[in-house]
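The values are calculated or read from the model by the stated rules, or taken from the named source; none is laboratory data. Every value quoted in this text rests on a predicted model; they were computed, and no experiment measured them. FYI the Cβ positions are ideal-geometry reconstructions off the backbone, even for glycines, and counts take in every protein chain you see.
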Amino acid sequence: MASMKFYCDAERCIECNACVTACKNEHDIPWGVNRRRVVTIKDGEQGERSLSVACMHCADAPCAAVCPVDCFYTTGDGIVLHDKDICIGCGYCFYACPFGAPQFPESSAFSSRGKMDKCTFCAGGPEDDHSSEEYKKYGRNRVSEGKLPLCAEMCATKALLAGDADVLSDIYRKRVINRGASAFEWGVNQLKG
Amino acid sequence: MRIHTLLMMVCLLLSAFQLQAADPPPPPASLLSINPGTDLWREVRQRDGEIEGISQVKSPGANVLVNVSGQSWREYRMQELVPKAGAAILIVLIIIAIFRLLRGRIMLEEGRSGVKILRFTTSQRAAHWTTAILFVTLGLTGLTLLLGRKFLIPVFGAEGFGSIAVAAKFLHDYLGPVFMLALTWLFILFVRDNIPSPKLDLQWLLKGGGLFGKHASSGRYNAGEKLWFWLASIVGLAVIISGMVLDFPIFEQTRATMEFYHWVHSVSAIILIVVSFGHIYMGTAALEATFEVMKTGYCDANWAKEHHDLWYEKVKDSGEPVAQTQAQASPAPGQRESTEPSG
């Protein structure tokens, strides 16, 4: 059983926001909702880095833990999805999420938020695969076609990776070794005494 | 001479270093640079508080990579609030059940007098029942959202409970602001007679309010009623303020703000709910001839004499509205030992 993950390589991300645009376009996401965003730390300073963030499909998902109506479920591929027919739009998942992934189409008086929307890892929702209801509520279902999330597929610098956790960590480990990372440096220092 | 010695020492030191360095080959320069990633990831994890970056996405919290308060809020809600709220409600219900078993229904000692005294005006009763109905609705819908996942999903299923929860959230969000108006109205109408009178109230409290024996002396409202009034007003204010912050997420409130007011709202609401159980029991089933007072506005003269003796003396002496029941054939105040069946 696969365990699907995103990984964003901060040494490669160039803050082009193409992943954000691709996501919005692929799933026809309404104005104000952003399933994916790029955050830049130390903008304009030495050590500036950017990261693309969306739902990280946690193994122990805080959103699912605090949901008062238990509308979240994890697929066999380890993708965290939710049922918009059950969601009541209380906003609790947004308070608990470490990554700010849950999004709401509205933010108006009397706590009206509409149904929560978030990254589905391009895996749709509980409706029938490729049905028009599924597309309307959750966007395109690429995983059922054997494709990976579009944001990662089209990332120009291959900073954003999506796929099985084991494969991603293999790719990233090779990159780290090639770069000569601090872990290696730490080992050399130990040898030097 | 001195310079000579110094030079020799420097040479010795240098050669010593050279000897040492000659042993293992020097590592490549790329390995000796400090990894800038360590500081970056420390900041990403926000270990030393929230660090804001920038993002093209403009929404509250979008420029923050990791929400530091989320985990502690999750732990509060799932490990503290849900089990402790459930336990508090259960414990208070058990205490009331034990009290019922010990004291049973507390009857009027002298039975009914047949004479009715005006205790609450129509507007007071209207304010009380408006607030009461709103309170019960808000309490039930709030508890549905808090405990429904544990207790109602097994009964109604996830989809069924989803519909219930949508209705509960709708009622809760729209009736909350109405409750604010109702509680303000109630406060204005009832505050005059709920001003504490320290000596009398302390005596009443020391006697346990007559819960476990002889009646304690009391004015229009006893210390227990006054405590409930002030608790409902002050804790009610906390519930209302926090509720309004949560109900109107249109001022760019941050997640930390919402989490804080959720904490205030949940703790104060649970306090009000468990204490209200005591108030509801005392006002309905616990004492004979009590529920009718808030229902009709009139109390039996003997009820007033037993439960609010000082107030009874006052309204009796000043000859304040002493009305008779519609059902009874108006007996004069002297003929108090009427034949009205008690119970």
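Among the candidates A:Leu150, A:Leu161, single out the residue that is modelled with pLDDT of 95 or more and touching a strand residue (DSSP E or B) at 6+ places or on another chain (Cβ under 7 Å).
It is A:Leu161.
Among the candidates B:Ile117, B:Ile95, B:Ile34, B:Ile106, which residue alone is at pLDDT 95 or above and over 16 Å from A:Ile41 (Cβ atoms)?
Details: B:Ile117 fails: at pLDDT 95 or above; B:Ile34 fails: at pLDDT 95 or above; B:Ile106 fails: at pLDDT 95 or above.
Criteria check complete, one pass: B:Ile95.
Identify the single condition in (1) more than 17 Å from the chain's Cα centre (by Cα); (2) crowded, with 16+ Cβ neighbours inside 10 Å that A:Pro30 does not satisfy, given that it satisfies every other one.
All conditions are met except number (2).
Name the residue that is modelled with the lowest pLDDT, counting only residues in segment B:229-277 that are more than 10 Å from the chain's Cα centre (by Cα), of a type in the set (Ser, Thr, Tyr) and surrounded by 16 or more Cβ atoms within 10 Å (Cβ to Cβ).
Out of the qualifying residues, it is B:Thr257.
A:Val20 passes all but one of (1) within 24 Å of B:Lys150 (Cα to Cα); (2) within 10 Å of chain B (Cβ to nearest Cβ); (3) not in a loop (DSSP other than H, G, I, E, B); which number fails?
In the conditions (1) within 24 Å of B:Lys150 (Cα to Cα); (2) within 10 Å of chain B (Cβ to nearest Cβ); (3) not in a loop (DSSP other than H, G, I, E, B), A:Val20 misses (1) alone.
Taking only segment A:35-64 into account, find how many residues are over 21 Å from A:Gly78 (Cβ atoms), in a loop (DSSP other than H, G, I, E, B) and at pLDDT 95 or above.
Total meeting the criteria: 0.
Quick one: what pairs do we get from segment B:54-70, first residue facing chain A (nearest Cβ under 7 Å), second among the hydroxyl-bearing types (Ser, Thr, Tyr) and in a loop (DSSP other than H, G, I, E, B), C-beta under 8 Å, 6+ apart or different chains?
Every condition considered, the pairs that remain are B:Gly61/B:Thr254.
Give segment A:101-154 a look and list any residue that's among the acidic types (Asp, Glu), away from every other protein chain (no Cβ under 14 Å) and either buried (at least 23 other Cβ atoms within 10 Å of the Cβ) or part of a helix (DSSP H, G or I) (or both), or say none.
Step one: of segment A:101-154, the residues among the acidic types (Asp, Glu) are A:106, A:117, A:127-129, A:133-134, A:145, A:153.
Then drop every residue that is not away from every other protein chain (no Cβ under 14 Å), which leaves A:128-129, A:133-134, A:145, A:153.
Within segment A:101-154, A:Glu133, A:Glu134, A:Glu145, A:Glu153 meet the criteria.
Are there any pairs with C-beta distances below 7 angstrom linking a residue in segment B:94-110 that is of a type in the set (Lys, Arg) to a residue that is assigned to a loop (DSSP other than H, G, I, E, B), with the two at least 6 apart or on different chains, and if so which?
B:Arg105/B:Glu288
Please specify each residue of segment B:77-91 satisfying the condition of being buried (at least 19 other Cβ atoms within 10 Å of the Cβ) and within 22 Å of A:Phe99 (Cβ to Cβ).
B:Arg77
Name the pairs: first residue in segment A:122-133 and on the phi > 0 side of the Ramachandran plot, second residue of a type in the set (Gly, Ala, Ser), Cβ to Cβ under 9 Å, at least 6 apart or on different chains?
Going by the 9 Å Cβ cut-off, the qualifying pairs are A:Cys122/A:Gly139; A:Cys122/A:Ala162; A:Gly124/A:Ser131; A:Gly124/A:Gly139; A:Gly124/A:Ser144; A:His130/A:Gly124; A:His130/A:Ser144.
Which residues, taken from segment A:55-70, are surrounded by 24 or more Cβ atoms within 10 Å (Cβ to Cβ) and more than 10 Å from chain B (Cβ to nearest Cβ)?
A:Cys55, A:His57
Please work out if B:Phe161 is among the aromatic types (Phe, Trp, Tyr) and within 27 Å of the chain's Cα centre (by Cα). Show your work before the answer.
Details: among the aromatic types (Phe, Trp, Tyr): yes; within 27 Å of the chain's Cα centre (by Cα): yes.
When the stated conditions are applied, B:Phe161 passes them.
Looking at (1) within 10 Å of another protein chain (Cβ to nearest Cβ); (2) within 19 Å of the chain's Cα centre (by Cα); (3) in contact (Cβ under 8 Å) with a residue 40 or more places away in the chain; (4) crowded, with 19+ Cβ neighbours inside 10 Å, can you tell me which one B:Leu147 breaks?
(4)
Would you confirm, using the coordinates I've provided, whether B:Asp193 is at pLDDT below 95, touching a Lys or Arg at 6+ places or on another chain (Cβ under 6 Å) and of a type outside the set (Gly, Ala, Ser)?
Values: at pLDDT below 95: yes; touching a Lys or Arg at 6+ places or on another chain (Cβ under 6 Å): yes; of a type outside the set (Gly, Ala, Ser): yes.
Yes; evaluated as a whole, the condition is true for this residue.
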